[in-house]
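Here the structure is laid out as structure tokens; the discussion comes afterwards.
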Amino acid sequence: MRMNNQYDFRKSPRPLSSEDIARHKDFDALLRQHGSGKRRAGIVQMRRLMYTGAALAAAAIALLLVFRTPGTTGDARQQTAAWEKQIITPPPLPQIELPYQQQTLPTAQVTSLEGNPHITIPADAFMDAAGNTVSGDVELRFRKLDDFVDFFLAGIKLTHDSANVKRQLESAGMVEIYAEQNGQRVFLAPGKIVQLSFESNIELVSNGKVPAFYEYFLDTDKNAWVNQGLSSTEVIGQGDLNPSDPMYEQKQALYDALAQMAARTDEAKQQWTNSNPAPAAPAKPQKSDPDQPTIELDFLANAVPQTADGQKAKLYQGAIWQISPRSPAYDQRAFGVTWQSAKLTQIADSEDYELVLSHGTTSLRLIVNPVLIGSAYEQALGQWRAAYADYERALADWKKRSDEAFADMDRQAEKDRAAAIKNREASWAESGASQPKLLMKLRHEMTIDRLGLWAVAQPLPSTPTMAAGRITDQFGNAYEQRVAYIVHPGQNTLHQVMISGKSRIPIAPGSTLWAVHPNGKIAVLRPSDLQQAASNVTSNKLVLELKEPAPVSKEELRRILQL
């Protein structure tokens, strides 16, 4: 799954503890703690997820000491172990910023920010580090990170440790959000939640299905992504239809064909349901309420509701009719009239009935419910219990049959979608057309009780690895103790490996690998070269191509990587 470059889970949140408050410290502070080996107290202002000013120079010196002077094998192992424990690392290209959007919020009112992401903040939502309610204006800062290029520039790893098993996460997008007042970080108060939604594009997989995504929160105290449960994600359209695209008509034709397949599957399910209706639950007899007026319909001898039949009709034998509190107002003198006709009809999706009494040109409309009294009620209740037991057995059988029928339809639909996508891609290849990315547009709805970095992602199965020997570029520069970044086609994730003599690189057909030279230039290994190196049984040496010049924008970085 690869992203296009355009791009609820806690019903009763627990109060924030001092540990929760500390969790919201900015990433700059986290990086400085890592560099110094000390944990600083208090709240530290964060403007960007990167070093600034003197801190940048100090960080650059520290990095050069680490990467240019590997030292002993033990030192290298310690450096690698320290790096592997970090989820947030120094941005590898600090000259390329990932800017935040900024909005001033009046705390006394609900604020809804339109856009992508869409954010709704409740009134009186914030507290300071001491737990005091914050009044006045606060500055909300947020940004959306879409794909592995954003994750790379932000210095974010996508590894998740679950039950001591490390898994790589594939993200459908992230949103980072925090707030400040007078340069000091503020936090969500206990019981306050923020509604957050954003849209993203994912690559259309061969079966056309949307993966099962989860919500993850980056817990900076635990230094780990924490699974918050299944994500509320829905498909809202196609993500890459642009009339100026040379492949626009071909993509549109495929998407139309996929939509027609989905419509046919839905129609087939509806037809099955129409031919095999679910059993109807028997109506439970109601006991009369002494506080509500009743009518004995003696003049309707042997009459039962028009919708009643079988067991349901038996339940109404001996019933009297109670006037509902929802009934229109009526004149008490109406009960002294001898009515010539009556029509009794059950109201759809309700236990209420409409009773219309007529005499010449005069009519009376009442809303009534059938009720029973005394032994008639007890007898009817026993009959209902037996009927309801039969109904539950019939419903379970119907549910089993419907699940099996619908599963067969879904399996066939999945095969048809996969065949349609494969055939269309084969026809494009035969015609010499470039293989376009086929994307789905998704919307993710989140309810969050903490500010920080939130991601929608799925854990990936393990990836085959290759032993990497010495890694250099064409000029002989060695990349020992530097980070190798690897992306696989069709996956929106970023594998990261510290280069050492015993590195193992996760690879797949079409993978691209790159590293950052100390001067900020990119050294890249194209998919064909990486695949050739992986198949070389005599040498596992990797030679990267150092590209000129160093990128100064995200667009330049994409051009260099050709991703």
Among the residues of the stretch 110-162 satisfying the criterion of being out of contact with any Ser or Thr (no Cβ under 8 Å at 6 or more places or on another chain) and farther than 24 Å from Ala455 by Cβ, which is surrounded by the fewest Cβ atoms within 10 Å (Cβ to Cβ)?
-> Ala130
List pairs: first in the stretch 76-98 and part of a loop (DSSP other than H, G, I, E, B), second of a type in the set (S, T, N, Q), Cβ under 6 Å, 6+ apart or cross-chain?
-> Ile87/Asn223
Total residues in the stretch 490-500, condition touching a helix residue (DSSP H, G or I) at 6+ places or on another chain (Cβ under 8 Å) and part of a loop (DSSP other than H, G, I, E, B) = 4
Name the residues in the stretch 462-500 that are aromatic (Phe, Trp, Tyr) and modelled with pLDDT under 90, would you?
-> none
Taking the stretch 197-212 only, how many residues are part of a strand (DSSP E or B) and surrounded by fewer than 22 Cβ atoms within 10 Å (Cβ to Cβ)?
-> 3
Return a yes/no flag: does the stretch 147-164 have any residue that is small (Gly, Ala, Ser), closer than 24 Å to Val497 by Cβ and in a strand (DSSP E or B).
-> yes
What pairs come up if the first residue lies in the stretch 218-239 and is hydroxyl-bearing (Ser, Thr, Tyr), the second is at pLDDT below 90, and their beta carbons are under 7 Å apart, counting only those six or more places apart or on different chains?
-> Thr220/Arg23; Thr220/Lys25; Thr220/Leu30; Ser232/Asp8; Thr233/Val210
Working only within the stretch 517-535, note down all residues that are crowded, with 20+ Cβ neighbours inside 10 Å and within 14 Å of Pro92 (Cβ to Cβ).
-> Ile522, Ala523, Val524
Got at least one residue in the stretch 528-545 being in contact with a Ser or Thr (Cβ under 6 Å, 6 or more places away or on another chain) and not in a strand (DSSP E or B)?
-> yes
Mind checking which residues of the stretch 341-385 are β-branched (Val, Ile, Thr) and in contact with a Ser or Thr (Cβ under 8 Å, 6 or more places away or on another chain)?
-> Thr345, Val356, Ile367, Val368, Val371, Ile373
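This table checks each residue for (1) crowded, with 18+ Cβ neighbours inside 10 Å; (2) modelled with pLDDT of 95 or more.
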| residue | (1), (2) |
| --- | --- |
| Ser358 | no, no |
| Val371 | yes, no |
| Asp397 | no, yes |
| Lys400 | no, yes |
| Gln412 | no, no |
| Gln435 | no, no |
| Leu439 | yes, no |
| Ala455 | yes, yes |
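The values are calculated or read from the model by the stated rules, or taken from the named source; none is laboratory data. These figures come from a predicted structure and were not determined experimentally. Glycine gets a Cβ as well: all are built from the backbone with ideal geometry, and neighbour counts include every protein chain shown.
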